[in-house]
Amino acid sequence: MNKQEVGKVILRAVLGLTFFIHGLSKFQAGVANTAGYFDSLGIPGFLAYPVAAIELIGGIALILGIGTKIIGVLFALIMAGAIFTAKLPAGFVGNGQMAGYGLDLVLLAMSIFLVLADRSTLSLDNKLFHSNNN
C-alpha cells in the first residue's frame, strides 16, 4: 500500500461522508422542502428526490468503495448543477446572504478525480471483482 492509495481512501471517505450527510439532511428536513427550493430556482421539484437519494446512498457506496466511478459522475453532475443554477450569482465566497460556489467547486473536483483515478486497492470494488488494476 502506498501513499496515493491512502490518499484516495481518505478523499473517497470524506467525499462520501459529506454527500451522505447532505442527503440525510434533505430527508430529515423533508425532501418536499428541497423540492420547493428547486422549484424556486426553476428546476423541476421532483428532481430533489433522486438528488437526495443519490447523495444518501451514493455517500455510503463511496465510503465503502462500491461503484466509485459511477457515483463520482453522479456527484459531479449534482455539483455542476448546484453551481450553475444556485451558487454562481453569489460568487466564489458568497454574497452575505448565501454561500458561494467555492465548496461546491471543491466537491466537483474531488468527484472528477475519483472518476479519473484508477480503482483503489482499498475498496470493495477491488475486493469483489479481484482486479489487478490499482
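General remarks:
- Here residue 19 qualifies as surrounded by 19 or more Cβ atoms within 10 Å (Cβ to Cβ), among the hydrophobic types (A, V, I, L, M, F, W, C) and assigned to a helix (DSSP H, G or I).
- Failed item in (1) surrounded by 16 or more Cβ atoms within 10 Å (Cβ to Cβ); (2) under 19 Å from the mean Cα position of the chain (by Cα), with residue 80 passing the rest: (1)
- Scan of region 48-60 for residues that are in contact (Cβ under 8 Å) with a residue 40 or more places away in the chain and buried (at least 21 other Cβ atoms within 10 Å of the Cβ), ordered by number: 58, 59
- Residue match in region 98-107 (condition: among the aromatic types (Phe, Trp, Tyr) and either touching a helix residue (DSSP H, G or I) at 6+ places or on another chain (Cβ under 9 Å) or at pLDDT 85 or above (or both)): yes
- Only listed residue being of a type in the set (Phe, Trp, Tyr) and under 19 Å from residue 125 (Cα atoms), chosen from 92, 75: 75
The values are calculated or read from the model by the stated rules, or taken from the named source; none is laboratory data. Just so you know, these numbers come straight off a predicted model, no measurement behind them. Note that we place each Cβ from the backbone using ideal geometry, even for glycine, and neighbour counts take in every protein chain shown.
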